[in-house]
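Take a look at the structure set out below.
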Amino acid sequence: MQEQEEIKIYPKVTKMLVGSLAFVLVGSGLVYGGLTSSNIFIVLVGIICALFFGMGLVFSIVKLVQSEPALLIHREGIVDRSSYASAGAVAWSEIKNIHIYQIKNEKFIGIDVYDPELLMSRHPAWKRKLMSLNKGMTGSAIHISASSISCNLYELFPLLYRRWNASRNLNTETKEGQGL
């Protein structure tokens, strides 16, 4: 098999940055409005909104200043850094299936792995919880959102699929050549 080049896909954070900032401001406004009207429910909603989207704001600012790719595709597999719940390094041999799906108007590449628990065990508890929630909603352990990467999802998907398939064929040939 010929040597395949490493492909780097960088994050697209503008929408997330602007959206997170807007919701942090809305949450802050709710806190202020709830405090002035003595409505504890509105204060709590505002705090939750500001904290949740504040994490998104921090994530998008970090991605903006970092120079590392959101997705790295190489000979051994992929390195997913496209979201808070990203999987990190995943070998081709761990991947069971790759597919495209859509939730509302957002498109994703879903990557199913043979052992999701092993994949999640590599991460801290907070990230395992996020990954588990995502897996529960969609059935896939890894999700790459079209809005988080700077390339066309319909161009990325066939490239990922071909690389994964080529890896599967190479592993089969290697096993057969070794008499396994």
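The values are calculated or read from the model by the stated rules, or taken from the named source; none is laboratory data. Everything numeric in this text was worked out from a predicted model, so none of it was measured. Virtual Cβ from ideal backbone geometry, glycine too; neighbours counted across all protein chains shown. Heads up: the accessible areas ignore ligands, DNA and RNA and are worked out on the full protein's heavy atoms, side chains in. Shrake-Rupley method; radii C 1.70, N 1.55, O 1.52, S 1.80 Å.
Of everything in the stretch 75-118, what is aliphatic (A, V, I, L, M) and within 12 Å of W164 (Cβ to Cβ)? Give them in sequence order.
Our first condition is that a residue be aliphatic (A, V, I, L, M); within the stretch 75-118, this holds for 78-79, 85, 87, 89-91, 95, 98, 100, 103, 109, 111, 113, 118.
Answer for the stretch 75-118, where residues must be aliphatic (A, V, I, L, M) and within 12 Å of W164 (Cβ to Cβ): I78, V90, A91, I95, I98, I109, I111, V113.
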For this session: Inspect the stretch 104-112 for any residue being of a type in the set (S, T, N, Q) and either in contact with a Gly (Cβ under 8 Å, 6 or more places away or on another chain) or open to solvent by 60 Å² or more (accessible area, probe 1.4 Å) (or both) and give the result as yes or no.
Result: yes
For this session: Could you grab the pairs with beta carbons closer than 9 Å, sequence gap of 6+ or different chains, first residue in the stretch 113-126 and within 13 Å of S86 (Cα to Cα) and open to solvent by 70 Å² or more (accessible area, probe 1.4 Å), second one small (G, A, S) and not in a helix (DSSP H, G or I)?
Result: R122/A87; R122/G88; R122/A89
For this session: Please indicate, with yes or no, whether at least one residue in the stretch 80-89 is out of contact with any strand residue (DSSP E or B) (no Cβ under 9 Å at 6 or more places or on another chain) and open to solvent by 60 Å² or more (accessible area, probe 1.4 Å).
Result: yes
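Only one residue in L51, L35, L72, L17 is part of a helix (DSSP H, G or I) and open to solvent by less than 90 Å² (accessible area, probe 1.4 Å). Which one? Full working, then the answer.
Numbers: L51 fails: open to solvent by less than 90 Å² (accessible area, probe 1.4 Å); L35 fails: open to solvent by less than 90 Å² (accessible area, probe 1.4 Å); L72 fails: part of a helix (DSSP H, G or I).
Answer to the check: L17.
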Exercise. Can you tell me which residue in the stretch 84-137 is modelled with the lowest pLDDT, limited to those that are under 27 Å from V62 (Cα atoms), in a helix (DSSP H, G or I) and of a type in the set (S, T, Y)?
Worked result: S132
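For the stretch 139-165, which residues satisfy the criterion of being exposed (fewer than 15 other Cβ atoms within 10 Å of the Cβ) and either over 11 Å from G110 (Cβ atoms) or within 13 Å of the chain's Cα centre (by Cα) (or both)? Show your work before the answer.
Residues of the stretch 139-165 exposed (fewer than 15 other Cβ atoms within 10 Å of the Cβ): 139, 150, 152, 154-155, 158-159, 162, 165.
Once the filter is applied, which keeps residues that are exposed (fewer than 15 other Cβ atoms within 10 Å of the Cβ) and either over 11 Å from G110 (Cβ atoms) or within 13 Å of the chain's Cα centre (by Cα) (or both), the stretch 139-165 yields S150, N152, Y154, E155, P158, L159, R162, N165.
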Seminar exercise, completed: Of the conditions (1) closer than 19 Å to N134 by Cα; (2) buried (at least 19 other Cβ atoms within 10 Å of the Cβ); (3) touching a residue at least 40 places away in the same chain (Cβ under 8 Å), the single one that F59 does not satisfy is (2)
Problem set entry | Q66, sole failed condition from (1) under 25 Å from V90 (Cβ atoms); (2) modelled with pLDDT under 85; (3) open to solvent by 90 Å² or more (accessible area, probe 1.4 Å) | (3)
For this session: Answer with yes or no whether I40 is modelled with pLDDT of 90 or more and either open to solvent by 20 Å² or more (accessible area, probe 1.4 Å) or not aliphatic (A, V, I, L, M) (or both).
Result: yes
For this session: Go through the stretch 17-61 residue by residue and tally those that are within 18 Å of the chain's Cα centre (by Cα) and polar (S, T, N, Q).
Result: 2
Problem set entry | Search result, residues across the stretch 1-52 that are polar (S, T, N, Q) and in contact (Cβ under 8 Å) with a residue 12 or more places away in the chain | Q4, S20, S28
